[in-house]
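The values are calculated or read from the model by the stated rules, or taken from the named source; none is laboratory data. Being a predicted model, the structure only gives us computed values, none of them experimental. Positions of Cβ are backbone-derived with ideal geometry, glycine not excepted, and every protein chain shown enters the neighbour counts.
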Amino acid sequence: MTTPFLKWAGGKRALLPALTPLLPREYGDYYEPFVGGGAVFFALEPQRAYLSDVNEELINCYAMVRDRLDDVLSALTSHRNTEQHFLHVRAQHAADLDDVARAARFVFLNRTCFNGLYRVNRRGEFNTPYAGYRNPTLVPDELLRAASAALKTVTLSAGVYVDACASAGAGDLVYFDPPYVPMGGFADFRRYHRDQFREDDHEELARLFKDLDARGCHVRLSNSHTPWVLELYADWTIHVVTTRRVINSNGAGRGPVREVIVTNE
Ligand SMILES: C[S@@+](CC[C@H](N)C(=O)[O-])C[C@H]1O[C@@H](n2cnc3c(N)ncnc32)[C@H](O)[C@@H]1O
């Protein structure tokens, strides 16, 4: 069991005790198409895994930690926990940096921005504010070494979840952890978000769940406990679980939260 090195909104560490008993004892390849901070992957450390996410900076970071760990560690030593340095790094364009510097920038911003939140504006520019934490570990070498080892045999790809599951077949395990359906429903002001995941995406995901079942995969999915989610997955087994975790970025959602884990068996 490896500890994730990123803070991630919707991180699934608190869900692990409920999720683990619902996983098959044996399975072929492991697919996690909304990998985020990878709490479930790093807990399971499956032999062969396909990890993906639509966030290209995140996937590049995993690839560099896997393939060029020493270079990433050395690039991290150039960062400082000051607001001035943070604003300078935040304003950089990923496209102007090499892949190692991009990965180090990603880790640095994750450790020094507010709650590790990855948020971009309409132009795709990172805009989470500086947190001013007193002593963040800017070079988490042990965590990165462990993550690098866990990622060694993993296939990584940046892209949408539908493409990520193309090669999943009989006996493979697919775990979906999409951006949750908001408890209060979808509000229109969210529309401009680049990483939006809306009603039609959830409907398409529910169809893919069914398709993967027909292909003989073990399929697991987590989401919020709302009437619409219960309706979308009414054909499957729905486990209602209670976790204690932060469900939204401003911390207002702290406290016991009901979530669902859907299984196809
Ligand atoms: C709830 S988070 C996953 C959290 C993760 N399980 C963890 O423990 O940290 C959802 C993830 O889905 C990604 N995402 C959003 N839309 C996507 C899409 N269409 N295809 C693939 N990934 C997407 C986001 O970048 C985010 O990392």
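Look through the stretch 44-68, keep the residues that are touching a Lys or Arg at 6+ places or on another chain (Cβ under 8 Å) and among the hydrophobic types (A, V, I, L, M, F, W, C), and return whichever of them is farthest from the ligand (Cβ to nearest atom).
Per the criteria, the residue is Met64.
What residue, of Ala103, Ala131, is surrounded by fewer than 20 Cβ atoms within 10 Å (Cβ to Cβ) and in contact with a helix residue (DSSP H, G or I) (Cβ under 6 Å, 6 or more places away or on another chain)?
One residue alone meets the criteria, Ala131.
Which of the following residues is surrounded by fewer than 18 Cβ atoms within 10 Å (Cβ to Cβ) and in a helix (DSSP H, G or I): Glu57, Glu142?
Glu142
Of everything in the stretch 18-39, what is out of contact with any strand residue (DSSP E or B) (no Cβ under 6 Å at 6 or more places or on another chain) and β-branched (Val, Ile, Thr)? Give them in sequence order.
Result: Thr20, single match.
Looking at the stretch 157-177, which of its residues are closer than 19 Å to Glu45 by Cα and surrounded by 19 or more Cβ atoms within 10 Å (Cβ to Cβ)?
Within the stretch 157-177, Ala164, Cys165, Ala168, Asp172, Leu173, Val174, Tyr175, Phe176, Asp177 meet the criteria.
Restricting attention to the stretch 187-210, and to residues there that are within 28 Å of Glu125 (Cβ to Cβ) and more than 14 Å from the ligand (Cβ to nearest atom), which single residue is modelled with the highest pLDDT?
Ala187
Can you pull out the residues in the stretch 89-118 that are more than 16 Å from Leu138 (Cα to Cα) and part of a helix (DSSP H, G or I)?
Ala91, Ala94, Ala95, Asp96, Asp99
Tell me which residues, restricted to the stretch 9-30, are within 12 Å of the ligand (Cβ to nearest atom), buried (at least 18 other Cβ atoms within 10 Å of the Cβ) and either among the aliphatic types (A, V, I, L, M) or at pLDDT 95 or above (or both).
Residues satisfying the conditions are Leu15, Leu19.
Which condition number in (1) assigned by TED's automatic domain parsing to the domain that holds Gln84; (2) within 19 Å of Asn55 (Cβ to Cβ) is the one that Pro179 fails?
Pro179 satisfies all of (1) assigned by TED's automatic domain parsing to the domain that holds Gln84; (2) within 19 Å of Asn55 (Cβ to Cβ) except (1).
Here are Ala91, Ala95, Ala104: which of them is in contact with a Leu (Cβ under 9 Å, 6 or more places away or on another chain), more than 16 Å from the ligand (Cβ to nearest atom) and of a type outside the set (S, T, N, Q)?
So the residue among Ala91, Ala95, Ala104 that is in contact with a Leu (Cβ under 9 Å, 6 or more places away or on another chain), more than 16 Å from the ligand (Cβ to nearest atom) and of a type outside the set (S, T, N, Q) is Ala104.
Looking at Gly28, Gly10, can you tell me which residue is at positive phi and touching a residue at least 12 places away in the same chain (Cβ under 8 Å)?
Gly10
Tally time: how many residues in the stretch 1-44 are over 23 Å from Asp201 (Cα atoms), part of a loop (DSSP other than H, G, I, E, B) and not polar (S, T, N, Q)?
Total meeting the criteria: 12.
Would you say Asp213 is within 14 Å of the ligand (Cβ to nearest atom) and either of a type outside the set (A, V, I, L, M, F, W, C) or at pLDDT below 95 (or both)?
no
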